[in-house]
1. Which of the residue pairs Lys364/Lys423; Lys5/Lys397; Lys104/Lys178; Lys20/Lys423 have a Cα-Cα distance greater than 31 Å in the structure shown?
2. Leaving ligands, DNA and RNA out of it, report the carbon-plus-sulfur percent of the accessible area of region 100-152 at a 1.4 Å probe.
3. Compute, for Arg80, the solvent-accessible surface of its heavy atoms (probe 1.4 Å) with the complete set of protein chains present, and express it in square angstrom to the nearest 10.
4. What net charge is computed for the residues neighbouring Glu231, neighbours being all others with C-beta under 13 Å from the C-beta of Glu231, Lys and Arg scored +1, Asp and Glu -1?
5. Can you give the accessible area of Cys195 in Å² (nearest 10), computed on protein heavy atoms with a 1.4 Å probe?
6. Which value results for Rg/Rh of region 121-254 when Rg is the Cα radius of gyration and Rh the Kirkwood radius based on the inverse mean 1/r?
7. Just how much of Trp126 is accessible, in Å², when a 1.4 Å probe is used and the result is rounded to the nearest 10?
8. In percent, how large is the relative contact order of region 115-243, given Cα pairs closer than 8 Å and 6 or more residues apart?
Amino acid sequence: MESIKAPRGVRDILPEESWKWAFVLDVARRTAEDFGYAEVHLPVFEHTELFSRGIGETTDVVEKEMYTFQDRAERSLTLRPEATASMVRSYLEHGMHRGVQPVKLWCAGPMFRYERPQKGRYRQFWQLDVEAIGAADPFVDVEIIALSLELYRRLGLSNLEVKVNSVGCPECRPTYRKTLRSFLEPRLDELCDTCRSRFDRNPLRILDCKNPQCAAIADQAPSVVESLCGECGTHFGLLQRGLEGIGASFSLDKRLVRGLDYYTKTAYEVLSGDLGAQNAVCGGGRYDNLAEVIGGPHVPGVGFAAGIERIVLTMEQQGCFMGSAPRPAVFVVCPDEEARPEAFALLHLLRQSGVAADMDFTGKGMKAQLKVAAGKGALLACILGSEELRASRLAVKDLESGEQHLYAREEGVASIRSLLSNKGISRKDD
């Protein structure tokens, strides 16, 4: 019988990599908290209508990429392809719009999109999502961009580029759509099939096409900034002044429109020079009409999403510090079966005292156990066999220096803690 493997486009995050994810998420948590953002945990699936209405019927995500199914009550449900719509749904459902605004939230977890797997992009992927909901102030946009840049600074990333644009609002975007269609119409035959299908439904998405020929045409298109209404123009100007005020390096990109229909005004991306064509490590913007589209009152919002896979990949390529893989500080070595109960009791005491510890459970001899201890990166080996048991002693071997000392068993844990302290290792909960 053929063994079952993971579906195409998903992958296991194995122990040699999972600690890197934990490092990134820990830095993200502390950064979000420093900016006043509180963590939430959202459902992995939602009613399909939340995404079809919120993201937009004509987007690639809704048309081609969603994992949608019917439950036993024949309700249409969808594995979340992104978190912003879910975040706003939660904000409205739990009455957060009636409290002090803006409400600052963040979450991290798996998202699902059916698309061609490629470097740093999978059909199940993890995203960090940060949202500030309930304020129209452009300086909240500045804060969101500043938070993402501060996260990357703390992670040690370099060679990053910030692109910003404004996509207008329902007042001024129709004017730009008309201008853009007038520019594109004589060139329709030169566009790819996908862009031709977008011409009537969603012409702004043509600006985001990665086809080289379409991109060359889009580079010549008029800028949306030239069509902004007074409110959007003022908002975009204050956004740029705010970014300049904090010393953020950025550039304007008239082709930056993002891929989801809910964006209004600010759109931005952070790009890495180390990822090739798919080089965005973060993207976001403002979505002032999303709450209304999904059935709530008018509530402005702004946020960003960052792929954990992309962040880890970029950090690996840039050689960033990512902490260290977890390892036992102490490995309990028990060469004799009769001493195993006492050896396991010692292991338990070490763990209770906050010392990372492990032992062999496969019946290896002492030499092989010491080899395993060294392979796991343990600093100390605590040897407790029948000989040590009879003498009420505990042998502790320093696996770095090779030195070995004997201690009274009742002093064993305290002695081990002292040795680890001398090596700069404190208990895990200190």
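The values are calculated or read from the model by the stated rules, or taken from the named source; none is laboratory data. Treat the numbers as computed from the prediction; the structure is a model and nothing was measured. Reconstructed Cβ throughout: ideal geometry from the backbone, glycine too, with neighbour counts over all protein chains shown. We work out accessible area using only protein heavy atoms, side chains counted, and drop any ligands, DNA or RNA first. Shrake-Rupley method; radii C 1.70, N 1.55, O 1.52, S 1.80 Å.
1. Numbers: Lys364/Lys423 28 Å; Lys5/Lys397 42 Å; Lys104/Lys178 36 Å; Lys20/Lys423 24 Å.
Exceeds cut-off: Lys5/Lys397; Lys104/Lys178.
2. Numbers: 1000 of 1820 Å².
Ligands and nucleic acids excluded, carbon and sulfur give 55 percent.
3. Surface open to solvent at Arg80 totals about 10 Å².
4. Details: positive: Arg173, Lys265, Arg286; negative: Asp137, Glu171, Asp288.
The answer is 0.
5. The accessible area comes out at roughly 0 Å².
6. Values: Rg = 17.2 Å, Rh = 17.1 Å.
Ratio value, two decimals: 1.01.
7. Result for Trp126: roughly 80 Å² accessible.
8. On the way: 83 pairs, mean separation 40.0, N = 129.
Relative contact order, region 115-243: 31 percent.
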